[in-house]
Amino acid sequence: MSRLGSMGARLYRGEVGYDFVGKRMLWYGVSILITITAIAGLMVQGLNMGIEFKGGVVVTTPKLSVSTEEARETAEEISGHIPIVQELGSGGLRIQISDVTTSESNKIKSELASDFGVATNDLTADIVGPSWGEQIANKAWTGLGVFMVLVVVYLAIAFEWRMAIAALIALIHDLTITVGIYALVGFEVTPGTVIGLLTILGYSLYDTVVVFDGLKEASKDITKQTRWTYSEIANRSLNSTLVRSINTTVVALLPVAGLLFIGGGVLGAGMLNDISLSLFVGLAAGAYSSIFIATPLVADLKERDPQMKALKKRVLAKRAAQAAGKGTSEDGSTEFADAAERQDDEPQDAAPAGAVVGQRRQPTRGRGKRR
């Protein structure tokens, strides 16, 4: 078995672990800082909306001896707007100019043909009205709202309302970070970007539901024992699915990274950036929120429940008494004999919830028995 596989098996059995839930305030702080940065970028720079949302013209040329830089300077001088120029596989150019009217588009087409030394009919001009992009945006917002409502309803029924709230916050967290990165980087927002944003929501939710399902099973009849608090059980459930989450995220990120860094960066296929950046950032943020945000939030909300508060008091009181060496009654019997017998029925190969990965298990010592 590989080292990662062996570690995954030990995490699943609870032999080792990392205290994600116990350090939740640190993760909350990191997420708040990232979210504030994303919102600041969105407010200061705003989104670079594509031609589909602002309207404009897309001029396609035949094969020319003009470089993309020369064509960009020419189009900017003619239109007064900063164009996006891309070289096509046929050797022609795709010149995209936003925020121009139909009459301006016809004038731009004529002047470009004159400057490039080709006939006007050799240039293809596609005029895009802003109303089309507005319809896409409205439908996307409607779809997003319906999706969020259905997610909350489903999770509240299948699990509980606390998990539904935690999943909703994690989804909003992922969306905010992804949109903020778009604002900071300055990538153009196109319909492909919208598709990417909606795609990452499903992935993020899938990762979160897998963790929640394990937590639901592990916390069944939790009040009948006095060994673990809810937060500790949540942490153990999170550790048991940790390697699966890492493997799933890495496998999903590899092809997306190829599209973003090789296709969009090295090969210059700029149109791939529209969807690949949103997928890359969203997948990474979704994995982060599933581990560091969603489960700790559930634990925080659940620990406010009176039953969980009472359980935590019993667990801590029992540990304090055992640590102090107390528990011997007047007849010499062990006060916690019944508790010890109950613990004998529980799995003993599980380390405490805050155990550090790589820590060896200490052999259990025999409990005192009545002689």
- Task: Compute the distance in nm between two label points, each set 7 Å from the Cα along the Cα-to-Cβ direction, one at Glu303 and one at Glu87.
- Result: 5.8 nm
- Message: Quick check: Cα centre of the range 56-105 to Cα centre of the range 216-230, how many Å?
- Response: 64 Å
- Item | By average C-beta atoms within 10 angstrom, highest first, the peptides 234-243, 115-124 | 234-243, 115-124
- Once both labels are modelled 7 Å past Cα along the beta-carbon direction, what's the Ile36-Ser67 spacing in nm? 4.5 nm
- Want the number for Lys224 to Arg314: 0.36 nm per residue separation, take away the alpha-carbon distance, what's left? 31.3 nm
- Cα to Cα, under 19 Å, and not fewer than 8 places away if on the same chain: which lysines meet these conditions relative to Lys318? Lys224, Lys309, Lys326, Lys369
- Message: Spelling out what I want: for every residue of the range 137-149, take phi, set θ = phi - 60°, compute 6.51 cos²θ - 1.76 cosθ + 1.60 (Karplus), and round to whole Hz; glycine and proline get x.
- Response: 4, 5, 5, 5, 5, 5, x, 5, x, 5, 4, 4, 5
- Query: Given a 1.4 Å probe, how much area per residue of the range 61-197 is accessible, in Å²?
  - Reply: 52 Å²
- Item | Close Lys-Lys pairs in the range 21-158, where close means Cα under 30 Å and separation is 8 or more or interchain | 6
- Per the 1/(1 + (r/R0)^6) rule, R0 = 25 Å and r from the Cβ atoms of Ser114 and Thr199, FRET efficiency to 0.05 is 0.05
- FRET efficiency for Asp126 and Phe147, Cβ-Cβ distance as r, R0 = 41 Å, nearest 0.05? 0.85
- Task: State the percentage of accessible surface on the range 172-283 attributable to carbon and sulfur atoms; use a 1.4 Å probe and exclude ligands, DNA and RNA.
- Result: 73 percent
- Query: Tell me, what % of the accessible area of the range 16-171 is carbon and sulfur with a 1.4 angstrom probe?
  - Reply: 60 percent
- Item | Ranked packing of 55-66, 274-285, most packed first, by mean Cβ within 10 Å | 274-285, 55-66
- Item | 12 Å beta-carbon shell around Arg162, net charge (K/R +1, D/E -1) | -1
- Item | Arg244-Ala321 pseudo-label distance in nm [points 7 Å out on the Cα-to-Cβ vector] | 3.7 nm
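The values are calculated or read from the model by the stated rules, or taken from the named source; none is laboratory data. For clarity, every value in this text was computed on a predicted model and none was experimentally measured. For neighbour counting, all protein chains shown are included, and Cβ atoms are generated from backbone atoms with ideal geometry for every residue, glycine included. The area values use the complete protein model at the heavy-atom level, side chains included, leaving out ligands, DNA and RNA. Shrake-Rupley method; radii C 1.70, N 1.55, O 1.52, S 1.80 Å.
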